[in-house]
Amino acid sequence: MNTQNEETRQTEEGMIDIVGLLEDYFRTLRRMWIWVLILAVLGGAFSYIRSYVTWSPRYTASATFTITAGQNSGDDTSGSYAFYDNSTTEQMVNTFPYILTSGVLSRRAAAAMGRSSLSSQITASAEENTNLFTMSVTDSDAGTAYETLQAVIQCYPDVAEVIIGRTTMQLLDETGIPAYPDNPRDGRDSLVKGAAAGALIGLFWAGVVTVSRMTVKKKEDFQPRAHMKCIGEVPQIPMKKRSRESSNILNILNEKTDPRFEEALQLVRGKVEYSAWRHHSKTILVTSALAGEGKSTLAVNLALAFIKSGKRAALIDCDLRHPTDRKILGLEEGAGLYEVLAKEAKLADVLLTGKAMGMDEEFKFCFLPGGKPADDGSRLLDSKRMQKIIEAVEEKVDYVILDSAPAGLLTDAGVLAQYADSAVFVIKRDFANTSHIMDGLEELAESRIHLIGGILNGV
C-alpha cells in the first residue's frame, strides 16, 4: 500500500512539473513575444524575396498521338490490331527514356533546330489500355519548349523504328506555344510559409530559454539553486495603474490590499522574528539580486507586519540610488537619509513617526526615508555617521529594517551588512538567474552576516 502511495505521489509530482514547465514556457513566451513576431516578419520577408529572386518559369508544350503498329489501314473488327497498337504504345513509353538518354534523339532534334544540344526536359506517357501517346517538353522559355517539341515529333519515329519497328503517329491534339508557366509566381504562399517558419523558430527559442534558464521558480529550488532556505512565499498581487491614488498603495495598512498578501507577510514576519530571537538580531537587512524583484515592497511591509504584531519597528530606506519607500507608504517626497549623511539635515528633523504619518497611536513605528537620489551611495553609507544613525534608531525600537540596494548589482548591501545582524534575501519567481543570486550572496558573505533565508516573491 505504501509503495502504491509513493508511486502515486511521484506521478503527481511529475504532472506538477510538466504543468509548471508549461506555465514557465507561456510566461517566457509573454516576455519574448516581440521576438517571435520579429522572426516571423523576417522569415516571411526573406522567403518572399528569395522566391522573387530565384523564381524561374517553366513552360510545358505537349502533343497527343494515336499509335498504329506497322502500316495497317485500321481494319480492327477482330480487335487484334487494337491489341498490337496498345502494346506498341506501351513499348514506346518504356523505351523512350533509353532513346532519350542514349543521346540519339537529342542530337537529331538539336540538329533539326540548328543547335548543338537541347536544354529542355522531355518526357513521354501513355493512357493505360489505349494507344494514346503523349509527348511533353518543359523549358524556361515558352517558344523553345514548343520548338523542341516539334523537333522531337519529327525525329522520334525514325529513331524508335530501329527498336520497336515501324509505327504511325497520328496527331490528335497539341498545346501550341504555352501562354502561362506551370509554376506561376506565388509570393503570398512563400510569405506565409516563411512567416510560419520564423514563428516556429521563435517558439522553439522560447522553449530553449525556458529549459535552460537557471532561475528560482518554486521554494524547492532554493536549496539546490540559491543555497538557502525559503522562509516564505508572497503572492503576486495585481494593482491598478493609478499612481496617485492612495487605494493603489501595496502595503498591509491599506484596507484595499489583498488579505492573502498580509497573511503571507505575517508568516514571513513570524519566521524572521523567531530567527532574530535565536541569533539575538535586532537590525535586519533586506536585499535582492536584481532591481525589480519587489525587495522594497517586502521591506516596508515586513516592518509594518512587526508593528501590527505589537512590536516597535523602524524602517530605513538605504537604497540611496532609487529610494521608493515613501511611495509604498503613500508619502510625499522630502528630505531623508541622504540629507542627514550629507550634513544637510538633522536626524530628528527627517525621522518620521507613525503618529506623524497618520497611523494608529498603538503602532510604534518610525521611518527614515531615503531622501534625494544619490549616485555615490556606497561612499555615504560606509561612514561613521551612518553607523551612528542606525545606533540612534535602534534605541527607539525592537527591530530595525534596512532596505538596501540590490546586492547582485551594487556594493551598497555589502557595506550595510556591517551594521546589520541578519539578512533576508528577496527572490522574484523566475526572474534573476542563479549566477546573479550567487553574486549577491557572495557580497553579503564577505561581512559574515547571518542569512535568515529567502522570500519567494510573485508566486
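Per-structure values
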item: Number of the condition not met by Ala124 [criteria: (1) assigned to a helix (DSSP H, G or I); (2) touching a helix residue (DSSP H, G or I) at 6+ places or on another chain (Cβ under 7 Å)]; result: (1)
item: Residue that is nearest to the chain's Cα centre (by Cα), among those in segment 100-119 that are at pLDDT 75 or above and closer than 24 Å to Thr66 by Cα; result: Ser106
item: Pair list, Cβ under 8 Å, 6 or more apart: segment 215-227 residue without any contact (Cβ under 8 Å) to a residue 40 or more places away in the chain, other residue surrounded by fewer than 18 Cβ atoms within 10 Å (Cβ to Cβ); result: Gln223/Lys229
item: Arg58 out of contact with any Lys or Arg (no Cβ under 8 Å at 6 or more places or on another chain) and at pLDDT 90 or above; result: yes
item: Residue among Arg278, Arg260 that alone is touching a Pro at 6+ places or on another chain (Cβ under 9 Å) and open to solvent by 40 Å² or more (accessible area, probe 1.4 Å); result: Arg260
item: Residue that is farthest from Asp221 (Cα to Cα), among those in segment 431-445 that are touching a helix residue (DSSP H, G or I) at 6+ places or on another chain (Cβ under 6 Å) and touching a residue at least 60 places away in the same chain (Cβ under 8 Å); result: Ile437
item: Hey, Lys355 outside any helix (DSSP H, G or I) and under 45 Å from the mean Cα position of the chain (by Cα) or not; result: no
item: Residue list for segment 206-224, filter: under 30 Å from Ala305 (Cβ atoms) and either under 22 Å from the mean Cα position of the chain (by Cα) or exposed (fewer than 13 other Cβ atoms within 10 Å of the Cβ) (or both); result: Thr215, Val216, Lys217, Lys218, Glu220, Asp221, Gln223, Pro224
item: Of the criteria (1) under 36 Å from the mean Cα position of the chain (by Cα); (2) modelled with pLDDT of 95 or more, which one Lys327 fails; result: (2)
item: Test: Leu149 is open to solvent by 80 Å² or more (accessible area, probe 1.4 Å), of a type in the set (A, V, I, L, M) and either out of contact with any His (no Cβ under 7 Å at 6 or more places or on another chain) or not in a helix (DSSP H, G or I) (or both); result: no
item: Residues being aliphatic (A, V, I, L, M), modelled with pLDDT under 90 and either open to solvent by 40 Å² or more (accessible area, probe 1.4 Å) or assigned to a loop (DSSP other than H, G, I, E, B) (or both) - total across segment 439-459; result: 2
item: Residue in segment 71-87 that is surrounded by fewer than 19 Cβ atoms within 10 Å (Cβ to Cβ), at pLDDT 75 or above, outside any loop (DSSP other than H, G, I, E, B) and not polar (S, T, N, Q) present; result: no
item: Any hit, segment 337-349, residues being under 30 Å from Tyr274 (Cβ atoms) and at pLDDT 90 or above; result: yes
item: Every residue from segment 293-325 that is of a type in the set (Lys, Arg) and either over 18 Å from Pro406 (Cα atoms) or surrounded by 24 or more Cβ atoms within 10 Å (Cβ to Cβ) (or both); result: Lys295, Lys308, Lys311, Arg312
item: Subset of segment 39-62 that is in contact (Cβ under 8 Å) with a residue 24 or more places away in the chain and of a type in the set (Val, Ile, Thr) - its residue that is nearest to Ile201 (Cα to Cα); result: Val41
item: Where Leu267 falls short, out of the listed (1) farther than 17 Å from Leu381 by Cα; (2) not in a helix (DSSP H, G or I); result: (2)
item: Subset of segment 130-145 (residues that are of a type outside the set (A, V, I, L, M) and surrounded by 22 or more Cβ atoms within 10 Å (Cβ to Cβ)); result: Asn131, Phe133, Asp139
item: Residue ID - surrounded by the fewest Cβ atoms within 10 Å (Cβ to Cβ), chosen from residues in segment 385-431 that are touching a strand residue (DSSP E or B) at 6+ places or on another chain (Cβ under 6 Å) and among the acidic types (Asp, Glu); result: Glu394
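Here's the yes/no breakdown for (1) exposed (fewer than 13 other Cβ atoms within 10 Å of the Cβ); (2) assigned to a loop (DSSP other than H, G, I, E, B); (3) not basic (Lys, Arg):
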{"position": "Glu128", "(1), (2), (3)": "yes, yes, yes"}
{"position": "Ala160", "(1), (2), (3)": "no, no, yes"}
{"position": "Met169", "(1), (2), (3)": "no, no, yes"}
{"position": "Asp173", "(1), (2), (3)": "yes, no, yes"}
{"position": "Gly176", "(1), (2), (3)": "yes, yes, yes"}
{"position": "Pro181", "(1), (2), (3)": "no, yes, yes"}
{"position": "Gly194", "(1), (2), (3)": "no, no, yes"}
{"position": "Phe204", "(1), (2), (3)": "yes, no, yes"}
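The values are calculated or read from the model by the stated rules, or taken from the named source; none is laboratory data. Please read all numbers here as calculations on a predicted model, not as lab measurements. We place every Cβ from the backbone using ideal geometry, glycine too, and count neighbours over all the protein chains shown. Side chains included, ligands, DNA and RNA excluded: accessible areas come from the protein's heavy atoms. Shrake-Rupley method; radii C 1.70, N 1.55, O 1.52, S 1.80 Å.
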